[in-house]
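The values are calculated or read from the model by the stated rules, or taken from the named source; none is laboratory data. Because the structure is a prediction, the values reported are computed rather than measured. Ideal geometry is used to build each Cβ from the backbone, glycine not excepted, and the neighbour counts take in all protein chains shown. Protein only, heavy atoms only, side chains kept; ligands, DNA and RNA dropped before computing areas. Shrake-Rupley method; radii C 1.70, N 1.55, O 1.52, S 1.80 Å.
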There are 4 protein chains.
Amino acid sequence: MSKNIVGVFGAGNISDSDDEWQAALIVGRELAHKGFIVLTGGLGGVMTAASKGAKEVGGTTIGILPGTRETSPANSFVDIAIYTGMGEARNAVNVKSCDAAIAIGGEYGTLSEIGLALKGKCPIILLNSWNIIPYGEAKQPEWHIASTPEEAVALAVGAAAEGR
Amino acid sequence: MSKNIVGVFGAGNISDSDDEWQAALIVGRELAHKGFIVLTGGLGGVMTAASKGAKEVGGTTIGILPGTRETSPANSFVDIAIYTGMGEARNAVNVKSCDAAIAIGGEYGTLSEIGLALKGKCPIILLNSWNIIPYGEAKQPEWHIASTPEEAVALAVGAAAEGR
Amino acid sequence: MSKNIVGVFGAGNISDSDDEWQAALIVGRELAHKGFIVLTGGLGGVMTAASKGAKEVGGTTIGILPGTRETSPANSFVDIAIYTGMGEARNAVNVKSCDAAIAIGGEYGTLSEIGLALKGKCPIILLNSWNIIPYGEAKQPEWHIASTPEEAVALAVGAAAEGR
Amino acid sequence: MSKNIVGVFGAGNISDSDDEWQAALIVGRELAHKGFIVLTGGLGGVMTAASKGAKEVGGTTIGILPGTRETSPANSFVDIAIYTGMGEARNAVNVKSCDAAIAIGGEYGTLSEIGLALKGKCPIILLNSWNIIPYGEAKQPEWHIASTPEEAVALAVGAAAEGR
């Protein structure tokens, strides 16, 4: 029986003095504490912080890497490194493998993951991330907005429990 | 020497009575008229309309399909059908192969293509599409907003001419 | 620090009365016993047998699935299911993520994985699998032939230890 | 109505003094002469020769590239360059988009394309390429062996005409 996985997406180019780092650290820690495997893109910034948080409490971490082990190795907090060699096309893999996902801050890659998650029916929680507004539509947004890391985790856990 | 390609992205589930259809038709026609190959996802809605427009003036069209010829064949206005069998991961291929791209309206798949285009340095023009606002940033948006199909084409052609 | 992974590739359409099943069961068990994570394509036949073998001795198993959880769920012996939705393009991911791989019997998909492993410098061990002969070349084959499941595991472990 | 495409696969590292070069040149020329679009991996060696042959007689050529335009641009005989950025995973795209394919000589990447073609029901013709022998099976091979470039083209054209 495969295990429950929650993705954490965000920019790779932030440092540990940025707000996103602290948020990702808490998110990773809380998800692992609640028994979820934490899946990231396996690189730096938010991906490292979330994985580090999960490992601090004995969790399991997966990294879905865009490159190969030779060109872009996983950060040192990744237990299971899946090297795709597919560049950004791997973003589609990230969202398909998660029961829910949390986007923290984020650059353009994160924006694409938000779109892919919504397309693929992966519940997505936005924490201080992109504000996305459909054109001329009154339709109900299918994404969730969180104000704190703890709220983001609670929303993700709730969505994951509902199943996909 | 490979030819210049402009992508047209948008929802597959609109019909020819929707505003996006007419916009995509004009965009496809204008791009082909100016000598560009029109690349789409090869399916319905905006993808069909843009390809149809291009063919009306004797242009060439490419479709990068998410499925296979058996499961999701290209629409009848696609000259060159590339079947990826990769699902949404093909969205990353779409943006990498274009000199510039135009997003018209759009659902979640289009949102992901906007993110992937920005990530991949493919100039992207938004025509009545998603309004995307980065979190807490004063940074200059790197995307272009067009008000009409003609303006979208002019912006795309200008961006393509600058090279990538 | 990411963990060592050995792939086991083979046909999905064999049953537990076929020779490959028993071979895959032993291979999975031995690899897990020696501390390796067992990676497969996550579906039936050889993939199920290898994962079952690994779980019998408390090992960890990964499945890299060609479809989605809705269309082609992982077999019940997969701990970590990575859904790519990419069809056979996922075969390239399989070989990039392994320290070594063992091909057992095999149909056409396995043949492609042998080629991709060789291309990607993933040491590959053939156990009662395809006999592949380069055209008109006296070159030294870079693959390994094993006669028994135990020998296949020994060769894979040796190759994995040498690093990639 | 999308056009008929025949793939030509082979090693990228051969030069114009190798036998494969001349064979690929003839194959590309003949395919284009008979009205087929020639699809290759877009890089050097066999891929360049087949594309060159097609262009000599006014044909159309497609290249499905493993990298990006920045990292691995298409050879100068490619009309339509599709950049996947997906590495070898693009081999699966190559075979899905062809009505038939011809493998000439070939290294490991070609071997993977032969496997993927067979898996994906793309008729595949081997011209001085890998000799592949299934283990312990008396089953009828589903691939075709050609002795000359002309015979390879005739077999590919026949298979493409039968449809997929």
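Residue check: A:LYS52 meets all listed conditions (1) closer than 17 Å to A:GLY12 by Cβ; (2) at the interface with chain B (Cβ under 10 Å from one of its Cβ atoms) but one, namely (2). Under 7 Å by Cβ, and 6 or more places apart or on different chains, what pairs join a residue from region B:1-27 that is closer than 21 Å to B:GLY115 by Cβ and within 14 Å of chain D (Cβ to nearest Cβ) with one that is of a type in the set (S, T, N, Q) and not in a strand (DSSP E or B)? So the pair list comes out as B:ILE5/B:SER97; B:GLY7/B:ASN94. Number of residues in region D:1-36 that are β-branched (Val, Ile, Thr) and either assigned to a helix (DSSP H, G or I) or touching a Pro at 6+ places or on another chain (Cβ under 8 Å) (or both) equals 2.
Within region C:1-31, the set of residues being under 25 Å from A:VAL78 (Cα atoms) and open to solvent by 10 Å² or more (accessible area, probe 1.4 Å) comprises C:MET1, C:SER2, C:LYS3, C:ASN4, C:ARG29, C:GLU30. Could you please let me know if B:LEU39 is modelled with pLDDT of 95 or more and not in a loop (DSSP other than H, G, I, E, B)? It is true that B:LEU39 is modelled with pLDDT of 95 or more and not in a loop (DSSP other than H, G, I, E, B). Inside region A:20-30, residues that are of a type outside the set (D, E, K, R) and more than 11 Å from the chain's Cα centre (by Cα) make up a count of 5.
Among the residues here, A:LYS34 qualifies as open to solvent by 30 Å² or more (accessible area, probe 1.4 Å), at pLDDT 95 or above and either within 21 Å of A:ALA159 (Cα to Cα) or within 11 Å of another protein chain (Cβ to nearest Cβ) (or both).
Give region D:59-75 a look and list any residue that's under 17 Å from D:ALA11 (Cα atoms) and among the polar types (S, T, N, Q), or say none. Passing the criteria: D:SER72, D:ASN75.
Here's the yes/no breakdown for (1) farther than 26 Å from D:SER72 by Cα; (2) facing another protein chain (nearest Cβ under 7 Å); (3) charged (D, E, K, R):
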{"residue": "B:ILE62", "(1), (2), (3)": "no, yes, no"}
{"residue": "B:PRO66", "(1), (2), (3)": "no, no, no"}
{"residue": "B:PRO73", "(1), (2), (3)": "yes, no, no"}
{"residue": "B:GLY87", "(1), (2), (3)": "no, yes, no"}
{"residue": "B:VAL95", "(1), (2), (3)": "no, no, no"}
{"residue": "B:GLU107", "(1), (2), (3)": "yes, no, yes"}
{"residue": "B:ALA117", "(1), (2), (3)": "no, no, no"}
{"residue": "B:ILE132", "(1), (2), (3)": "yes, yes, no"}
